[in-house]
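Reviewing the structure listed below.
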Amino acid sequence: MTESHISPAAVLDAPTALPPAEHEVLARTWSTPRGLWGFLTTVDAKEIGKRYVATGLVFFILGGLLAAVMRAQLARPESGLISPDRYNQIFSMHGTTMMFLFAVPIMEAMGVYLTPLMVGARTMAFPRLNAFSYWLYLAGGVMLYVGFVLNIAPEAGWTAYPPLSGPQFSAGKRTDFWAQMITFTEFAGLAAACSMAATIFKMRAPGMTLARMPLFVWAMLTTSLMVIVAMPAVMLASSFLISDRLVGSHFYNEAEGGSVMLYQHLFWFFGHPEVYIIFLPGLGMVSEITQTFCRRAVFGYPVMVLALLATGFLAFGLWVHHMFATGLPRLGDSFYTAASMTIALPAGVQIFCWIASVWDGRPRFATPMLFVLGFVIVFVLGGLTGVMLASVPLDLQVHDTYFVVAHFHYVLIGGAVFPLLGAIHYWFPKAIGRMPSETLGRISFWLILVGFNVAFFPMHILGLMGMPRRVYTYPAEMGWGGLNLLSTLGAYVLAAGVAVFLVNLIVSARRGAPAGPNPWGASGLEWATSSPPPAYNFGLTPVVESRHPLWTSPEGLPVMTGLVHAPREVLLTTAGEARPDIRESSPKPSIWPLLTSITTTVLFIGSIFDEWFLVWASLPVLVCIIGWFWPKPSHSKTVGAPEDNVPGALA
Amino acid sequence: MSRVVGDLSQLPAAGYRLHSLWGWATLGFMAIEGTGFALAAAAYVYLMDSARQWPLEGKPPDLLWGSVMTLVLVASLLPNFIVSRAARRRDLAKTKAWAVVLFVFNLAAVLVRAVEFAHLNVRWDADAYGSITWALMLLHATHPVTDFLGTCVLTMILFTHPIDTERLSDVDDDAVYWAFVVAAWIPIYLLVYWAPRWAP
C-alpha cells in the first residue's frame, strides 16, 4: 500500500506523528513515484519487504502444489500417475523451492519489512542493495520454474550430491539450472543479510542499547551473521559442481583426485546452519507474539538472547551429523553426536521461557497465539526426533527413510511455518492497516495443525517400517499403503488450511476493520507509527528508555527532533549504546538495482551455456555498478552540517 | 502523545570507518569474501590431505611470479597506509598524490597476476590439484581486479570533482579493503606456492 492509501488522520494519530504541514513535506521527500516506474525503482524497505513476502508465499504455494502431486502419487502402491523421471524433478523442485525460494527468503523478507520499524529507523541500510536482492531472488526463482516447464528442472534432490549430480549421471542442463539458482538466491540472501546487520548495528533509535533490542531483532541479527558465514559455503559447493560440469574441472571427480565427500562437507557446512537460519527468525516471532498476547515481557530475556547466540554458534559445529552414513572416523561420529545433542539445550531453554511467560502472563488465545502453541507442540516433537537422530546407531538404521522426512518437516514446519503464519496474522494490521478475520484465522489454524500431524506423523512409522525417501512408488506387499493414504489425506487438509489462511489475507486486505496504530496493545516501536506506516516510518525520532517503550513510557513516548525533511536523511547511532552518532543521506528511488540485476541475470544464465559469458557479460554488470555507485552531492553541504567534528577523522 | 527530549540537527553528516554505513558495507564484503577464502583454503587442504602426492602430477607453480606478486602487495601497504591517513586527516593534496602511487601498485598487481596464471604449471582441467589451485587463484584475482577498477574511478573523481569528507571517507574505505586483499593473499600464496613443495 502506498502513502496515498493512508488517511492523514491515521498518520497523525501515532505517537511519533508530525504536524500536518511537516508530514506533507516529509512524505513528499520519501515518496516513491506512482505507476510502473515507481514499482521498478522503489527502494522503500516496506514495499520491498511486502513484495518479498508475497513472492515467498507464491513459491510456498508452488512448492505445496508439488507436494500435493507427490502425495497423490504415493497415496496408493504402484501408482502410475507420474513417471519416475518427472517424480525426481518434482521432489527436487519441492525441496529446492521450499528451502531456497520460500523459507530463507520469506524469513529475511519479514526482517526487511519489520526490522527498520522495530528499531525506530526511517528505512533500512543500503536500500538499493535491498531492491537488488529482491530482483535477483525473483530472477532465480523464475529461472528455476521456467526450467521446470521446459523439462530442465533439477533431478538430483535439493542437496544435489555428486556423483549423481555430476556430468556422468546428470547429463543435460538440469543440474546447471539448480546450481545457478543457488547462485542467484544466495547472492540475494547475502545482500539482504548485510543490509539487515548494518541496520541493526547502526540505525537503532537512540537509547535502544543491545540489551533493549526486541527479541525478533536479536533473532534477525543472529540469522544475518549466520547467513554471512554459511552461504559462501554453498556458493562454493555449487560453483565447483557447475565448474565440473561445464569446464571439465575435477573437484568431485574421484578418478582425478577429487572427492565427492568434499561436496557434502561444503554443502552441509551451509545446510545445517540453514535450518537455524530458517527457524531462528521464527523463534523471534514467537517471542514477540507471546509477550503481546500474554501481556508481560518474555520470561528470561538475557537467557533468550544467549540461547539465540548459542544456537547460532553451535549450528556450525554439527554439519557432519548429516553424513553419519558415509563412514566417518569413530571419533568424528562421537563428537558430532555430542554437538548435535548440545544444541537441544538452548532450544529447550527457550521453550521453557515461553511456557513460563504464558504461565505467568494473562494469555489471550487469539490466532497468532494459537500458532505459537501449535509451534511449541510440533517443534518439540521435531526436536525430540532430532535428538534421536543424533545417535549414530539409530541414524544409520533410519538414514534416508521417511523417518527423516517426518523429522525435518516437524522441525521446519513447526519451527518456521507455524511462527511465520502467526507472525503474518500478527503484523498484517501494521502492514495493511486492516484487521484479519479472527474466525478464518482460527479455522485455518486448526486445519493446519490437524492436517499437518495427520500428514507427517505416519511418516515416522513408515520410516521405521523401512520406506525410503525419494522413491516414486512402492510395491503393495510392503504394507505401506494405508499409512501413505492417511498421510495424503492429511496433506490435503493441511493444504485446505493454508488456502483458508490466504483467503483470510486477501479478504481482510479489502474488508477488514481499520487497525489503528496499535491494535493488539503491543509494546514495540513498530506500533508507535500509523498502520500502514508512512513512507518515512517515523516523523519524530523515537527514543527508547526500556525494552518495552510503549508499555513503560506513561508520560508519552520520548522523541528527538532535528532530522531534515528534505533530502532523505537517516540517523546513525553507535553500535552498542545507540547514542546519536551521525546523520547520513539515504538514496532516492533508483533504476540501477533493477538494471544491475538484469545484467547479472544475463551473466548467470548465459554462463550455463557458454563459460565466456562470465567474462563478456561482466562488462554491462560493471557499467551498472559504476552507475549505481557514482558519487552523489555531499550531504554535509546540502544540509549545512558542521564538518569540524567528523567522527573517525584524525587530527 | 510524545515529549521532545533532544535535538539532532547539530550532528555531523559524515563519518569515517564504522561511523558510516559504507564502512559497514566494506566490513560485510570482507566478512563474506573472507569466509569464501577460508572455505576454499579448507577445500584445498582437504583435497591435499586425501591425495597420495601433491601435486598429483607434474611440478609445483614457479615461485618467481607468485613471490613478485607477494612483494608488490606487501609493498603496496605503505602507500595504502599513507592514503588512508591522509584521507582521515582530510589532507586532500596528499590523498591525491598517494592515491596515484597506490593506483600504480594496483595496476602492477593486476599485471603480475595475469602473468602468474601462465606459470602455475597445471591446467584447471588436468586433475583436482589443478582445479583447486585455479579456484584459489581466480577467487583472489577477482579482488585486485575489482579493487583496481574501484580505485580507478575513485582516483579519477579525486581529480575531477569537488571533494568533501564523504569522498575522503570512500578513499579510506577503499584502502581498508585493499589491506584485506593483501592479507587474504598471504595464506593463499603459502597454499598455492609452498604447500606443493612442503607436502610429502
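Assorted remarks:
- Subset tally (residues that are among the aromatic types (Phe, Trp, Tyr) and surrounded by fewer than 20 Cβ atoms within 10 Å (Cβ to Cβ)) for segment A:38-62: 1
- Number of residues in segment A:358-397 that are of a type outside the set (Asp, Glu), part of a helix (DSSP H, G or I), open to solvent by less than 40 Å² (accessible area, probe 1.4 Å) and over 15 Å from A:Leu421 (Cβ atoms): the value is 7.
- Yes/no for A:Arg204 being at pLDDT 95 or above, part of a loop (DSSP other than H, G, I, E, B) and more than 8 Å from chain B (Cβ to nearest Cβ): yes
- In segment A:623-651, the qualifying residues are those that are more than 18 Å from A:Leu571 (Cβ to Cβ), more than 7 Å from every other protein chain (Cβ to nearest Cβ) and among the small types (Gly, Ala, Ser), and the one that is farthest from the chain's Cα centre (by Cα) is A:Ala651.
- Consider segment A:243-279 and keep the residues that are among the β-branched types (Val, Ile, Thr) and open to solvent by 20 Å² or more (accessible area, probe 1.4 Å). The one that is nearest to B:Tyr46 (Cα to Cα) is A:Val260.
- Counted residues, segment B:26-65 - those being without any contact (Cβ under 8 Å) to a residue 40 or more places away in the chain, assigned to a helix (DSSP H, G or I) and facing chain A (nearest Cβ under 7 Å): 6
- Verdict on B:Ala118 being more than 8 Å from chain A (Cβ to nearest Cβ) and either more than 15 Å from the chain's Cα centre (by Cα) or open to solvent by less than 30 Å² (accessible area, probe 1.4 Å) (or both): yes
- Odd one out for A:Ala455 among (1) within 25 Å of the chain's Cα centre (by Cα); (2) in a loop (DSSP other than H, G, I, E, B): (2)
- Some residue of segment A:91-98 being open to solvent by 20 Å² or more (accessible area, probe 1.4 Å) and free of Cβ contacts under 8 Å to residues at least 24 places away in the same chain: no
- Total residues in segment A:528-567, condition at the interface with another protein chain (Cβ under 9 Å from one of its Cβ atoms) and not in a loop (DSSP other than H, G, I, E, B): 8
- Out of A:Ile351, A:Ile355, sole residue that is modelled with pLDDT of 95 or more, touching a helix residue (DSSP H, G or I) at 6+ places or on another chain (Cβ under 9 Å) and closer than 18 Å to A:Val417 by Cα: A:Ile351
- Candidate set: segment A:600-622, residues that are within 13 Å of another protein chain (Cβ to nearest Cβ) and within 30 Å of A:Val570 (Cα to Cα); chosen: the one least open to solvent (accessible area, probe 1.4 Å): A:Val621
- Inter-residue pairs, beta-carbon under 9 Å, first among the basic types (Lys, Arg) and modelled with pLDDT of 95 or more and in segment A:245-268, second outside any helix (DSSP H, G or I) and open to solvent by less than 20 Å² (accessible area, probe 1.4 Å), 6+ apart: A:Arg245/A:Ser165; A:Arg245/A:Gly166; A:Arg245/A:Ser170
- Tally, over segment B:143-169, of residues that are within 11 Å of another protein chain (Cβ to nearest Cβ) and in contact (Cβ under 8 Å) with a residue 24 or more places away in the chain: 11
- Among the numbered conditions (1) part of a helix (DSSP H, G or I); (2) free of Cβ contacts under 8 Å to residues at least 12 places away in the same chain; (3) surrounded by fewer than 14 Cβ atoms within 10 Å (Cβ to Cβ), the only one that A:Asn645 does not meet is (1).
- Hits in segment A:146-164 (condition: more than 20 Å from A:Gly606 (Cα to Cα) and more than 23 Å from the chain's Cα centre (by Cα)): A:Glu155, A:Ala156, A:Tyr161, A:Pro162, A:Pro163, A:Leu164
Every residue, every condition in (1) of a type outside the set (S, T, N, Q); (2) buried (at least 19 other Cβ atoms within 10 Å of the Cβ); (3) at positive phi, yes or no:
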| site | (1), (2), (3) |
| --- | --- |
| B:Val4 | yes, no, no |
| B:Ser9 | no, no, no |
| B:Tyr16 | yes, yes, no |
| B:Trp22 | yes, yes, no |
| B:Gly34 | yes, no, no |
| B:Ala51 | yes, no, no |
| B:Trp65 | yes, yes, no |
| B:Leu73 | yes, yes, no |
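- Checked across segment A:237-257, the condition of being in a helix (DSSP H, G or I), hydrophobic (A, V, I, L, M, F, W, C) and farther than 24 Å from A:Phe609 by Cα holds for at least one residue.
- Qualifying residue in segment B:134-143 (condition: more than 19 Å from the chain's Cα centre (by Cα) and open to solvent by 30 Å² or more (accessible area, probe 1.4 Å)): no
- Test: A:Leu114 is more than 30 Å from A:Ala522 (Cα to Cα) and aliphatic (A, V, I, L, M): no
The values are calculated or read from the model by the stated rules, or taken from the named source; none is laboratory data. Remember, predicted model here, so these are calculated numbers, not experimental data. Neighbour counts run over all protein chains shown; Cβ positions are idealised from the backbone, glycine included. Keep in mind that these areas ignore ligands, DNA and RNA; they rest on the heavy atoms of the full protein, side chains included. Shrake-Rupley method; radii C 1.70, N 1.55, O 1.52, S 1.80 Å.
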